[in-house]
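Computed from the coordinates by the stated procedures, all read-outs in this text should not be read as laboratory data. Given the structure is predicted, the values throughout are model-derived calculations rather than measurements. A quick note on method: Cβ atoms are made from the backbone with ideal geometry, for glycine too, and the neighbour counts reach across all protein chains shown.
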Amino acid sequence: MASSASEHPGGAEAGAAGAGATGTHRPLIGLTTYRERAKTLVWDTEFALLHSVYVDAVARAGGIPVLLPPQQHGAQQVIAHLDALVLSGGSDIDPEHYQQPLSQHTKVVRPWRDDWELRLLRHALDGAVPVLGVCRGAQLLNVALGGTLDQHIPDLVGHQRHCPEPGVFGQTRVTMRAGSALAGLLGPEVKVACYHHQAIDQVATGLEVVGRADDGTVEAVEMPGRPFVLGVQWHPEQDGDDLRLFEALVAAATAKATAKKSAQKSADNQGASRVSP
């Protein structure tokens, strides 16, 4: 598992451009966060916070991580300034968003976070901003596009290996669909860290399943025809030795930023030519 106990935030490699960045440009990568009560130093209060391994992974891959705590306003403005979006893991999504009643196993929901992240995601998709959904984030991608979730997969698969016990990651082996973009990044199979008791059930229109666990659980979806819209049910940030997903996200973000800069330069030149005598 990854460790973030480095002297320099982001680890020893944070100062160098990652494989996903080009030249000196480091794209802005938004990371959604928790908003929870927590204790640190002398404080016991509500914090906007995120596991630092997410921040480290983005920085080491060549991006600039920007934390996006839940809030009421500004989703469209935020997305307009970002080059990519990471929907991080966290609490269960309120089943109201996929027209189901609350299961006895769906005990921790955060409606304000659901609302904020759904708005961010919709603006990101509208603006062709690269998106990586991690665990809850993959589920949110599916729900936002009209899909549903299984609210407690141990009842379906007959085991607890996807979430062994509180605060302990499980291990699962994911088989990729041949020919998918994800298989092109990770190969035919990968062993990953997982921590979830819910998973994608009905897959939304516009998404394709590209990875499954050996028990049939949907572990990855992607959106064909988009440069980078990917959801993985596992936690890639937990493996500090494998940055391939984050590097691919940063590469897509860099391409997005370059295209945006080029379009703006072209527009500025056209504007200048119209006012020239």
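Packing, as the average of other Cβ atoms within 10 Å across residues, places the peptides 178-188, 41-51 in the order 178-188, 41-51, highest first.
Remark: D83, D214 ranked as D214, D83, counting other beta-carbon atoms within 10 Å and listing the fewest first. Every Cα-Cα pair in region 39-106 was counted, and those over 16 Å apart are 66% of them.
In this rough spin-label picture, where each label sits 7 Å from Cα along the Cβ direction, the A48-W112 distance is 1.1 nm. Of G225, A255, V86, which is farthest on the positive side of the dipole of the chain, counting Cα position, with +1 on Lys and Arg Cβ, -1 on Asp and Glu Cβ, and the Cα centre as origin? Result: A255, furthest along the dipole toward the positive end.
Over all alpha-carbon pairs in region 28-275, figure out the percentage whose distance exceeds 25 Å. In whole percent, the long-distance tail amounts to 42. If the chain linking K265 and T40 were pulled fully straight, counting 0.36 nm for each residue of separation and taking away their Cα-Cα distance, it would gain 76.4 nm.
Only DSSP H runs of four or more residues enter the estimate; each adds -39500 (n - 2.57), and after division by the residues of the chain the mean residue ellipticity at 222 nm equals -9500 deg cm²/dmol. Residue exposure proxy: I29, I64, I79, ordered by other Cβ atoms within 10 angstrom of their Cβ from fewest to most, comes out as I64, I79, I29.
Considering only alpha-carbon pairs that sit under 8 angstrom and 6 or more positions apart, the relative contact order computed for region 28-275 is 19 percent. Sorting S91, S52 from the fewest to the most surrounding beta carbons within 10 angstrom yields S91, S52. A simple count of charges around E96, restricted to other residues whose Cβ falls under 12 Å of its Cβ and scoring Lys, Arg +1 and Asp, Glu -1, yields -4. Could you give the angle, 0 to 90 degrees to the nearest 10, between helix 52-61's Cα long axis and the longest principal axis of the Cα atoms of the chain? That works out to roughly 40 degrees. Between the Cα long axis of helix 244-275 and the first principal axis of the chain there is an angle of about 30°, rounded to the nearest 10. Size estimate for region 94-173 follows the Kirkwood approach: the inverse of mean 1/r over distinct Cα pairs works out to 14.3 Å. For C135, the amide hydrogen comes within under 5 Å of the amide hydrogens of V232, Q233, W234, counting only partners 5 or more places away or on other chains and with H modelled in the peptide plane. Close amide H pairs (under 5 Å, H built 1.01 Å from N) link E219 with G211, R212, A213, residues at least 5 positions away or on another chain.
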